[in-house]
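The structure under discussion appears below in the form of structure tokens.
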Amino acid sequence: MSVIILDRVVKTYPNGTRAVKDIDLAIEPGHFTVILGPSGAGKSTLLRLMNGLEKPSEGTVSVHDTVLGKKNLRAIRREVGMVFQQFNLVGRLNVMTNVLTGRLAYRSWLGSVLHLFREEDFRIAQAALARVDLTEKAWVRADQLSGGQQQRVGIARALAQRPRVILADEPVASLDPLTSREVLDLLKGICQDDHIPVVANLHQVDYAREYADRVIGVNSGRVVFDGSPDQLTDAMVDELYQRAAPVKEPLHEASTLAHA
Ligand code: ADP
């Protein structure tokens, strides 16, 4: 069963920008999927559509065979962990509290407002912190940590949701190369060892080649490449990055994967 399915999805923003143009896509379990493409290609919009932060203008988005809609949004969103470029931590709160916010979707509205967590939430948050190797930082203010550590807290917060998939929107764009690798190694490990599929937006071709099981190349709101890193030739990369005009047809590179 596919983890996420986009069925003929179009996204037009209120100002008329068509960020996603008729995309069919199925995200498969077990994969580290990288969405690759230049700035403005529509990568971030695609990820936001996958967790219901954006509503498709046309078509449907399904998570584990359930079509996203108003009624199930909260329930489905907690199954989808999100990791952000700017980490999105609350800097003045300690690391543990930031990770615990990953549990909020499981609590009542009042419990959420009052930050009432249960013993079980603490255990889950502790395990998530241990997974990202930050147990000793649990009671430190989040804004005291380095960028790489903050991103690991962001990943722990996503893990605390007990997600069925993790979406990472440019997770290493704010980090230096060494730290970027640590974060990508961690995400890859979570995918392989914890069996949580990861979909990451990246704009760096080298990282996509090194880490991805599957690369989805996006330009001008369309999928222009879909295949393994081996199939991502230099010529294909040039196509992906130099194509200025809107793309008419996919290049059919291993496009069978899109409906595997
Ligand atoms: P990427 O993540 O690949 O940089 P985005 O999904 O952020 O691409 O953006 C795709 C296109 O949609 C761009 O032209 C961008 O300017 C536009 N866009 C993104 N978000 C909005 C928004 N909230 N309102 C209007 N246009 C937007």
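The values are calculated or read from the model by the stated rules, or taken from the named source; none is laboratory data. As the structure is a prediction and not an experimental result, all values here were calculated from the model. Glycine gets a Cβ as well: all are built from the backbone with ideal geometry, and neighbour counts include every protein chain shown. Just so you know, the surface numbers come from the protein's heavy atoms only, side chains and all, with ligands and any DNA or RNA stripped out. Shrake-Rupley method; radii C 1.70, N 1.55, O 1.52, S 1.80 Å.
Could you state the angle between the C-alpha long axis of helix 147-160 and the longest principal axis of the C-alpha atoms of the chain, as a value from 0 to 90 degrees rounded to the nearest 10?
In the chain, helix 147-160 runs at an angle near 80 degrees to the longest axis.
Using only Cα atoms, what Kirkwood radius does segment 69-221 have, in angstroms? Please list the in-between numbers first.
Numbers: mean 1/r = 0.0628 Å⁻¹.
After inverting the mean inverse Cα-Cα distance, the result is 15.9 Å.
From the phi of every residue in segment 55-72, what ³J(HN,Hα) in whole Hz does the Karplus formula 6.51 cos²θ - 1.76 cosθ + 1.60 yield, where θ is phi - 60° and glycine or proline is x?
9, x, 6, 9, x, 9, 10, 10, 10, 6, 6, 10, 6, 5, x, 3, 6, 9
Please report, as a whole percent, how much of the solvent-accessible surface of the chain comes from carbon and sulfur atoms (probe radius 1.4 Å). Walk me through the numbers before you get to the answer.
Working: 6060 of 12020 Å².
Looking at the chain in its full context, I get 50 percent from C and S.
What does the accessible area per residue of the chain come to in Å², with a 1.4 Å probe and no ligands, DNA or RNA counted? Don't skip to the answer; put the middle values down first.
Details: 12020 Å² over 260 residues.
For the chain, the per-residue accessible area is 46 Å².
Around Val80, which amide H atoms from residues at least 5 apart in sequence, or from another chain, sit under 5 Å from its own amide H, with H modelled in the peptide plane?
Result for Val80 returns Arg164.
Given that compact globular proteins tend to follow 2.2 N^0.38 Å, what is the ratio of the alpha-carbon Rg of the chain to that value? Intermediate results must be reported in sequence, preceding the final value.
On the way: Rg = 18.2 Å, N = 260, 2.2 N^0.38 = 18.2 Å.
Dividing the Cα Rg of the chain by 2.2 N^0.38 Å gives 1.00.
At a Förster radius of 25 Å, what calculated FRET efficiency corresponds to the Cβ-Cβ distance of Gln86 and His195, to the nearest 0.05? Intermediate values should be presented prior to the final figure.
On the way: r = 28 Å, r/R0 = 1.11.
The value I calculate is 0.35.
Between Val67 and Leu178, what is 0.36 nm times their sequence separation minus the Cα-Cα distance? Round to one decimal in nm.
36.1 nm
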